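Taking it in order: structure first as structure tokens, then the write-up.
The values are calculated or read from the model by the stated rules, or taken from the named source; none is laboratory data. Given the structure is predicted, the values throughout are model-derived calculations rather than measurements. We place every Cβ from the backbone using ideal geometry, glycine too, and count neighbours over all the protein chains shown. With ligands, DNA and RNA removed, areas are computed over all heavy atoms of the protein, side chains included. Shrake-Rupley method; radii C 1.70, N 1.55, O 1.52, S 1.80 Å.
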Amino acid sequence: MYDVIIIGAGIVGSSVAYYLSRYDLKVVLLEKDNDVSNGTTKANSAIIHAGYDPEEGTLMAKHNVRGSRLAKQLCEKLDVPYKQCGAMVLGFDEEDEKTVRMLYQRGLNNGVEGLEILNKEQILEKEPQISSEVRIALLAKTSAIVSPWEYALALAETAVRNGVELKLNNEVKAIKKTDETFLVTTDKGIYEGKYIINCAGLYADRIQEMAGEKEFEIRPSRGQYYLLDKAEGKRCTHTIFQCPSKVGKGVLVSPTVHGNLIVGPNAEESENDDTSTTMGGLAFVKAASRKSVPNVDFRENIRNFAGVRARSDRSDFILEESRSVKNLFNIAGIKSPGLSAAPSLALEAVEWLKGKGVVLTEKEHFIDERKRVRFKELSGEEKQELIRKEPAYGRVICRCETITEGEILDALKRPIPPVSIDGVKRRCNAGMGRCQGGFCSERVADILMRELHLNGLNILQDKEGSNVLLDYSKGGNSNV
Ligand SMILES: Cc1cc2nc3c(=O)[nH]c(=O)nc-3n(C[C@H](O)[C@H](O)[C@H](O)COP(=O)(O)OP(=O)(O)OC[C@H]3O[C@@H](n4cnc5c(N)ncnc54)[C@H](O)[C@@H]3O)c2cc1C
């Protein structure tokens, strides 16, 4: 019997698991995919927003501001790539000028620190590549960029290290409420628990309905992106926004924490988790971005991708006990700024459990740290020392990003090992460079085969069903 069953291992479910793992509780985290962070959490703008955008008094405002402060501490503690690069919201006309001043005031009301209004001269001094049509900007110094998948992974990994059971490839299919407990049926088994925290992202409405009545509806909204090579990574040093509209924060141009440039997203209704990109969507993104940063060189594009927002039929985040099922807590409709707000949302779930009378006794030996080797960031001496201890650090697998076999082997020994080529990419950055895995995918596949004792036909690019090879009896490379 579990005290708490968490459904969904995105940034929200992983944050809940992390905070609950501090206490003497029996907790299970159920995830339908073969990896943590494989839903919306892996495909977004990767901004830890400062908190000037959500309207005063909303849950989004409260949890964005607190969540972004927590994110800074968590990323430092758990060795997650994070950089407080600051953001600018640009204004190009009188209407925008009013919006920029309104956002400044809203930010102050929300408790955001480090806000300033910049004039044209100040903007261009800081960001010379911005269009000379700009008139005014809000500068938010506390805005940051992060590796979203590593953030979720680090939280989930720490939770597992502290005793949370993670059950991947477990899709929740049915929930039965008995008097005191829930029976949660997945495609792999049945889990009995006293409380459920629903963090199922795009499918949170279905989880609620499995347990009780329909209370809200998720209305997916897709956003498409360009990811440009590091050659464009210094085009701007802040995250550059335009003024927000009813459909979102608009198209941004931003450095990424990995040194690339990201441009996007648009906003369009979509079906479930359809993350395909379209020529129309990308053309819109490209044209819109030129208004703020006209000279982005899109010939340096190395990848297009899309993420899907879990918008709901309510305007704010849904953060409450189900109205029809006792002991089920919904964290749903977590659109942007959900990545920023996640740890704060998780703390709210912990408070709810406390309010329910759950005894939260802190563990005596809670492990609250995480480190991983980033070979290319080491000094020459450190590299030599490491190679002496473990020669696999001397074999470079991904040339674009200088990722070594040692780093991949380390990832495979961690509490949540990768099971696919993209799983290795999310943990070690192998395949994230200019050639996007053209060179190293085969070598990563070889390592996965060797270490996980897999047949080549079982090597996955990413999710279940994404087998890289369907047949290699017909003259393919028999090493893979
Ligand atoms: C285009 C775009 C840009 C964004 N930009 C930003 C940004 O810059 N900053 C920011 O703060 N926020 C941003 N967001 C929002 C942010 O990405 C999300 O709020 C956040 O990732 C939501 O996390 P989550 O854990 O709720 O959902 P998810 O990451 O989707 O996790 C839900 C998990 O539940 C699992 N699941 C679903 N159904 C079941 C089931 N039946 N059984 C078991 N598991 C199940 C899924 O597989 C998934 O892993 C953006 C979103 C998009 C789409």
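Does Val396 satisfy the condition of being crowded, with 16+ Cβ neighbours inside 10 Å and away from the ligand (no atom under 16 Å from the Cβ)? Here the answer is yes, as Val396 does meet what is asked. Just so you know, in region 31-56 the residues that are among the aliphatic types (A, V, I, L, M) and either more than 6 Å from the ligand (Cβ to nearest atom) or in contact with an Asp or Glu (Cβ under 9 Å, 6 or more places away or on another chain) (or both) include one that is nearest to Tyr225 (Cα to Cα), and it is Ala43. Checked against (1) assigned by TED's automatic domain parsing to the domain that holds Tyr19; (2) basic (Lys, Arg); (3) part of a helix (DSSP H, G or I), Lys173 passes all but condition (3).
Scanning region 251-273 for residues that are of a type in the set (Asp, Glu), assigned to a strand (DSSP E or B) and within 12 Å of the ligand (Cβ to nearest atom) yields one hit, Glu268.
Here's the yes/no breakdown for (1) surrounded by 20 or more Cβ atoms within 10 Å (Cβ to Cβ); (2) within 12 Å of the ligand (Cβ to nearest atom):
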| site | (1), (2) |
| --- | --- |
| Ile136 | yes, no |
| Val164 | yes, no |
| Gly189 | no, no |
| Ala200 | yes, yes |
| Asp205 | yes, yes |
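Of the listed requirements (1) open to solvent by 30 Å² or more (accessible area, probe 1.4 Å); (2) touching a Ser or Thr at 6+ places or on another chain (Cβ under 7 Å), Lys176 misses just one: (2).
Within region 176-201, if we keep just the residues that are among the hydroxyl-bearing types (Ser, Thr, Tyr) and in a loop (DSSP other than H, G, I, E, B), the residue that is nearest to Val36 (Cα to Cα) turns out to be Thr181. Candidates Ala310, Ala346, Ala341, Ala306: the one that is within 13 Å of the ligand (Cβ to nearest atom), farther than 25 Å from Lys246 by Cβ and either open to solvent by 10 Å² or more (accessible area, probe 1.4 Å) or modelled with pLDDT of 95 or more (or both) is Ala346. Scan region 229-250 and tell me whether some residue there is part of a loop (DSSP other than H, G, I, E, B), within 15 Å of the ligand (Cβ to nearest atom) and open to solvent by less than 10 Å² (accessible area, probe 1.4 Å). No, region 229-250 contains no residue that is part of a loop (DSSP other than H, G, I, E, B), within 15 Å of the ligand (Cβ to nearest atom) and open to solvent by less than 10 Å² (accessible area, probe 1.4 Å). Residues in region 92-121 that are under 25 Å from the mean Cα position of the chain (by Cα) and without any contact (Cβ under 8 Å) to a residue 40 or more places away in the chain: Glu113 alone. Of the residues making up region 166-187, just one is under 20 Å from the mean Cα position of the chain (by Cα) and more than 10 Å from the ligand (Cβ to nearest atom), namely Leu166. Listed by first and then second residue, the pairs with beta-carbon distance under 6 Å, at least 6 apart or on different chains, first residue in region 20-37 and in the same structural domain as Val350 (by TED's automatic domain parsing), second at pLDDT below 95 and not basic (Lys, Arg), are Asn34/Glu464. Taken over region 1-30, the criterion of being near the ligand (Cβ under 7 Å from one of its atoms) and over 15 Å from the mean Cα position of the chain (by Cα) is satisfied by Ile7, Leu30. Only one of the listed residues (Leu59, Leu20) is surrounded by fewer than 23 Cβ atoms within 10 Å (Cβ to Cβ), closer than 17 Å to Pro343 by Cα and among the hydrophobic types (A, V, I, L, M, F, W, C). That residue is Leu59.
Is region 202-213 home to any residue that is modelled with pLDDT of 95 or more and part of a loop (DSSP other than H, G, I, E, B)? Yes, region 202-213 contains a residue that is modelled with pLDDT of 95 or more and part of a loop (DSSP other than H, G, I, E, B).
Yes or no: Gln224 assigned to a strand (DSSP E or B) and either under 27 Å from Thr278 (Cα atoms) or over 21 Å from the mean Cα position of the chain (by Cα) (or both)? Yes. For region 283-313, filtered to residues that are among the basic types (Lys, Arg) and not in a helix (DSSP H, G or I), the residue that is farthest from Ile11 (Cα to Cα) is Arg303.
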